[in-house]
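Participant: Pasting in a structure now, in structure tokens, and then I'll have a few things to ask.
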Amino acid sequence: MRPWLAIIMFLAVFAPFEQGCHPHMDQTDLRNAKRMMIEAHLKGRGITNADVLAAMESVPREKFVDKAYMSQAYDDNPLPIGSGQTISQPYIVALMTQALTIKKTDKVLEIGSGSGYQAAVLSELAGEVYTIEIHDTLATEAAERLKRLGYSNVAVKCADGYSGWPEHAPFDKIILTAAPGHVPAPLEAQLAEGGRIILPVGGGFIQDLVIGVKKSGVVTYKDITAVRFVPMTGVIEND
């Protein structure tokens, strides 16, 4: 690779993380930024489900990012949240949520709580949300944040998401926000008949976002798009 091309790629990937030096935004600024996110980054890119759009509008993303990055809360890019993890860009959150076709009666399992943002969006749409985070600091902070903001139908657990949450299975929908090299078998087993699972799969710089549907006990997958997520860690690394 030519040196200049490597420099451009580095800047393209990491520049968004270096722009959070103006944390102050008033409520008018935040409302305008959120409106831009909904209209340009979501509707403008094919997010059409009215319930998903309403959930994305309802959840205050600025409450789920570090204060240093508040000025970027509604930009369409991921942001660091500590422990080497990121909060996903709004479009990807909306895309994955829309693909799950969540109903109010659904029980949803999320692997990779992060700051709790995706769980909050799911909370607006589902009956029950169970979310697992392997990093204890993030899990504690997410649980406290979600409780403080009133998301009472979300349960947070610090654990390795590979094994899922069998005590509350089966789940109507499952979502992974970290990328395993392959789909963990326990998660497929905990997916209800007719249920949907969405996740990024693969190692390296880019993964495939796939959606699976369980019929007659078998989950069949199809590709949606290429994505970039942090890798799933824990048991999956030796599986």
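The values are calculated or read from the model by the stated rules, or taken from the named source; none is laboratory data. The structure displayed is predicted, hence computed values, not measured ones. Backbone-built Cβ (ideal geometry, glycine too); neighbour counts: all protein chains shown. For accessibility, only protein heavy atoms count, side chains too; no ligands or nucleic acids. Shrake-Rupley method; radii C 1.70, N 1.55, O 1.52, S 1.80 Å.
Participant: If a residue has to be of a type in the set (Lys, Arg) and closer than 16 Å to residue 115 by Cα to count, how many in region 152-176 make the cut?
Facilitator: Adding up the residues that qualify gives 1.
Participant: Go through (1) assigned to a helix (DSSP H, G or I); (2) among the acidic types (Asp, Glu); (3) open to solvent by 40 Å² or more (accessible area, probe 1.4 Å) one by one and return the number of the condition residue 75 breaks.
Facilitator: Going through the list (1) assigned to a helix (DSSP H, G or I); (2) among the acidic types (Asp, Glu); (3) open to solvent by 40 Å² or more (accessible area, probe 1.4 Å), residue 75 breaks only (1).
Participant: Filter region 91-111 down to the residues that are polar (S, T, N, Q) and touching a helix residue (DSSP H, G or I) at 6+ places or on another chain (Cβ under 6 Å), then identify the one that is surrounded by the most Cβ atoms within 10 Å (Cβ to Cβ).
Facilitator: Of everything passing the filter in region 91-111, 97 is surrounded by the most Cβ atoms within 10 Å (Cβ to Cβ).
Participant: For the subset of region 80-90 comprising residues that are open to solvent by less than 30 Å² (accessible area, probe 1.4 Å) and outside any strand (DSSP E or B), which member is farthest from residue 51 (Cα to Cα)?
Facilitator: Out of the qualifying residues, it is 88.
Participant: Related question: Sort out which residues of region 184-229 are in a loop (DSSP other than H, G, I, E, B) and either open to solvent by 30 Å² or more (accessible area, probe 1.4 Å) or under 17 Å from residue 97 (Cα atoms) (or both), and write them in order of number.
Facilitator: The answer is 203, 204, 205, 206, 216, 217, 228, 229.
Participant: Testing residue 122 on (1) within 24 Å of residue 158 (Cβ to Cβ); (2) part of a loop (DSSP other than H, G, I, E, B), one condition comes back false. Which one is that?
Facilitator: (2)
Participant: Same structure, new question: Would you tally the residues in region 59-72 being of a type in the set (A, V, I, L, M, F, W, C) and either in a loop (DSSP other than H, G, I, E, B) or open to solvent by less than 30 Å² (accessible area, probe 1.4 Å) (or both)?
Facilitator: Selection size over region 59-72: 3.
Participant: Right, here's the next one. I'm trying to understand the selection: among the residues of region 125-152, which are assigned to a loop (DSSP other than H, G, I, E, B) and open to solvent by 40 Å² or more (accessible area, probe 1.4 Å)?
Facilitator: Passing the criteria: 134, 135, 149, 150, 152.
Participant: Looking only at region 80-91, which residues are within 17 Å of residue 120 (Cα to Cα), in contact (Cβ under 8 Å) with a residue 60 or more places away in the chain and touching a strand residue (DSSP E or B) at 6+ places or on another chain (Cβ under 7 Å)?
Facilitator: 86
Participant: Checking the structure you have, find out if any residue of region 197-213 is in contact (Cβ under 8 Å) with a residue 40 or more places away in the chain and of a type outside the set (A, V, I, L, M).
Facilitator: No: zero hits.
Participant: Here is a further query. Of 150, 161, which residue is out of contact with any Phe, Trp or Tyr (no Cβ under 9 Å at 6 or more places or on another chain) and without any contact (Cβ under 8 Å) to a residue 60 or more places away in the chain?
Facilitator: Only one candidate passes the filter, namely 150.
Participant: Moving on. Is there any pair with a first residue in region 102-119 that is aromatic (Phe, Trp, Tyr) and a second that is not in a loop (DSSP other than H, G, I, E, B) whose Cβ atoms are under 6 Å apart and which are 6 or more apart or on different chains, and what are they?
Facilitator: 117/64; 117/87
Participant: Can you spot a residue in region 37-58 that is modelled with pLDDT under 95, β-branched (Val, Ile, Thr) and in a helix (DSSP H, G or I)?
Facilitator: For region 37-58, residues modelled with pLDDT under 95, β-branched (Val, Ile, Thr) and in a helix (DSSP H, G or I): absent.
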